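Read-outs throughout are calculated quantities, based only on the coordinates presented, and are distinct from any laboratory measurement. Everything numeric here is computed off the predicted structure, so don't read it as measured data. Here the Cβ is made from the backbone with ideal geometry for all residues, glycine too, and neighbour counts use every protein chain on show.
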Amino acid sequence: MSALEPEHKLVICPSWRALNRAVGDVRVEGCIVDPHSPDEPVSLAALRRLRHRRPTVALIVYGDFRGRELELFHLGRLGANAIVMAGGEDSEASWLKTIASALAESLAVRVAAQLEGRVPVPELRVVRWAVEHAHERPRTGELAAAFGTRPGALNARLRAARLPTAGRLLVWGRLIRGAAWLEDPDHTIDAVAYRLGYSSGAGFRRALQRYTGLRPSHVRAVGGVNAALEAFSARALEPEDGRRKRRGSSRAIAGRAQRR
């Protein structure tokens, strides 16, 4: 609990049934499970059902796997976002880093699943990386290096796939992450802006409106990540000729308004 506060709230579930009920709350981002608990051990089948029921919730498994190494393989197959080995580093900083990475990976998987079939697979991996690492505030060079290339070459690939530049994808990654946080009414707009690295809530509002055309309050009201992804699909994935038509239409409307 001390590692997670104040960014997250940890709800203790005394039983597996209580955890299943808690995960039904749409505001729950992740769950931490000790499958080898002496009080109530949890089977891989139960974890598989949990993953099937709420695939977007980050699954973090803590346990002593000595003599149970095969379980690690099965946990990887069912999509555990993080595995923490008992007896390893147990500091607050290590827990916070693990949980932040697990939550980010879970969101990136969710985004990739919704964009599958609309973005070529190699470039979809780039979009996923931008979302997954948004909380680390990476630069364009880091994104390019993750795919063994340079920014110019990566941008050429992205243009060929009719995607935004690497720099813009990183901005989109941050905004999609912010939209996920906005799904929780307990997160204020200023708090989300700070976590994303903006100096103020106003800066976050401007970026969100510029890239998505939406205000934070609207994103929260109409579905958080889904709203941001709809905007991404309409703006970032729109063919070039469609963007030109939309910009031309906007200029015509502005011109009529000025004549009036």
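Details
- Simple label model, 7 Å out from Cα along Cβ direction - ASP186 to ALA153, nm: 4.6
- Most mobile of PRO35, PRO185, PRO151 in a GNM of the chain (Cα contacts under 10 Å): PRO185
- Sorted ascending by nearby beta carbons within 10 Å, beginning with the fewest, ASP25, ASP34 become ASP25, ASP34.
- Sites matching chymotrypsin sites (Phe, Trp or Tyr not before Pro) across region 86-156 that sit in DSSP coil, with at most 16 neighbouring C-beta atoms within 10 Å: PHE147
- In terms of its Cα atoms, the chain spans 76, 39, 31 Å along the principal axes, sorted from long to short.
- Two tests apply to each whole DSSP H helix in the chain, Cα reach of 18 Å or more along its axis and mean Kyte-Doolittle hydropathy of at least -1.0, and the ones passing both are 92-115, 166-182.
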